[in-house]
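K.L.:
Below are the structure tokens for one structure; questions will follow.
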Amino acid sequence: MMENGKQIRLTSMEISQLWAQYLNDSGSICILTYFLEKAEDTEIKPVIEYALKLSIKHIEKLTSIFIEEKHAIPHGFKIEEDVDITAPRLYSDIYVLNFINQMSMVGLTTYGASLSGSTRADITDFYMECLSETMQLFKQSKDLLLSKGLYIRSPYLPNLEKAEFVKKQRFVWDIIGEKRPLIASEISNIFANIQRNALGAATLAGFCQVAQDKQVKKFLVRGIEMAKKHIILFGKKFEESNLPVPTTWATEITDSTVYTFSDKLMMFFTTALIGLSIGYYGTGVAQSPRVDIGVMYNRLMAEIELYSEDGSNIMINNKWLEQPPIASDRDELAKANLND
């Protein structure tokens, strides 16, 4: 791009975000196209259409940026390679609506980060537009969930009667004895992580039913068990403070075992969900003064990181892991020059 008569290159942060978004949106096009093909609810269908329209629009814009920059266009995912839209229904429309709502919340976070890391005017404008569109998608999906009585609200807290200050160290350090009730930030993070794990468990359950590779199936089963365990652990923290534990979406999956999505696409989305979990758990640590909760999050993050590594190895062994933009290896270039 030219600014003030000078060629302005993309920064490493900009290219990394654009590259990752291309993969995410190309994968979303495959999944949303399938969801739209199977949708029956006349109220949910327009929300799927809008989400799909956004992903297609993003891919067109990203492609034009890569071409202008003479940067290789990622292979990503393609309908003809990674999804069979004629396959039987795998998820209910209710699951799909919840999926879109959760992914729109993820989008608001990632687009916000992309915007704050953008330098060039055109990239800044692009992510401002992405944020605006995703805000609309979030509102559409949330409002529809509310109107259908399907939206799960986080717990309510009593109104504060007056401002108070912490008087005892047990607010933070009481690990073994009777613990104080959860504060608002701890509740909101635990609630959101229960919701995300519920989405993950349901998503992976469907994936597992239609996966082709045995190693992939075992990996997905392990992820389902891990998500369920995390839900139980988070739920216990809620029960200790006499808070209601949100329900899961296991009933929103059909019995189909017919090939639907490629193992490559399912592994990509599974590892993406893992990465999101690590980030959200890190936020949970930062916003949880109670030491036992921080210890819990750190232990769960270590478990997820090992799981993530195993997923990466499966993708590498099957040549499914597309290499992101990478810095030049100066040592290798120097060696090559010496050998010339």
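K.L.:
Quick one: net charge around Lys264, please, counting Lys, Arg +1 and Asp, Glu -1 for every other residue with C-beta under 11 Å from its C-beta.
P.N.:
-3
K.L.:
While we're on this one: Which percent of the accessible heavy-atom area of the chain goes to carbon and sulfur, probe 1.4 angstrom?
P.N.:
Ligands and nucleic acids excluded, carbon and sulfur reach 56 percent.
K.L.:
Just to confirm the number: angle between the C-alpha axis of helix 291-317 and the first principal axis of the chain, 0 to 90 degrees, nearest 10?
P.N.:
30
K.L.:
Size of segment 97-192 along its principal axes in angstrom, Cα-based, largest extent first?
P.N.:
Dimensions of segment 97-192 along the principal axes of its Cα atoms: 53, 40, 29 Å.
K.L.:
Tell me, what is the per residue accessible area of the chain in Å², probe radius 1.4 Å?
P.N.:
With the other protein chains kept in place, the chain gives 53 Å² per residue.
K.L.:
Any chance you could list the semi-axes, whole Å, largest first, of the equivalent ellipsoid that the Cα gyration tensor gives for segment 1-140, using √(5λ)?
P.N.:
Output for segment 1-140: semi-axes of 30, 17, 11 Å.
K.L.:
Sort the following peptides by mean Cβ neighbour count (other Cβ atoms within 10 Å, averaged over residues), highest first: 207-219, 76-88.
P.N.:
The peptides rank, most packed first, as 207-219, 76-88.
K.L.:
On to the next question. Quick one: check the C-alpha center-to-center distance for segment 183-240 versus segment 285-315, whole angstrom.
P.N.:
Going from one Cα centre to the other spans 13 Å.
K.L.:
Show me the ranking of peptides 61-73, 259-271, 150-162, 129-141 by mean Cβ neighbours inside 10 Å, starting with the highest.
P.N.:
259-271, 129-141, 61-73, 150-162
K.L.:
Where the centre of each part is set by its Cα atoms, how far does segment 1-73 sit from segment 105-127, in angstrom?
P.N.:
13
K.L.:
Right, another one. Relative to the longest principal axis of the C-alpha atoms of the chain, give the angle of the C-alpha long axis of helix 184-210, reported between 0 and 90° and rounded to the nearest 10°.
P.N.:
60
K.L.:
Compute the normalised compactness of segment 233-275: alpha-carbon radius of gyration over 2.2 N^0.38 Å, N being the residue count.
P.N.:
Dividing the Cα radius of gyration by 2.2 N^0.38 Å gives 1.75.
K.L.:
Compute and list, largest first, the equivalent-ellipsoid semi-axes of segment 153-274 from the alpha carbon gyration tensor, each √(5λ) rounded to a whole angstrom.
P.N.:
38, 14, 11
K.L.:
What does the accessible area of Phe126 come to, in Å² to the nearest 10, when a probe of 1.4 Å is used?
P.N.:
10
The values are calculated or read from the model by the stated rules, or taken from the named source; none is laboratory data. Being a predicted model, the structure only gives us computed values, none of them experimental. Quick reminder, even Gly has a Cβ in these numbers, built from the backbone with ideal geometry, and neighbours come from all protein chains shown. Each accessible area value is taken on the protein alone, full model and side chains, heavy atoms only, with ligands, DNA and RNA left out. Shrake-Rupley method; radii C 1.70, N 1.55, O 1.52, S 1.80 Å.
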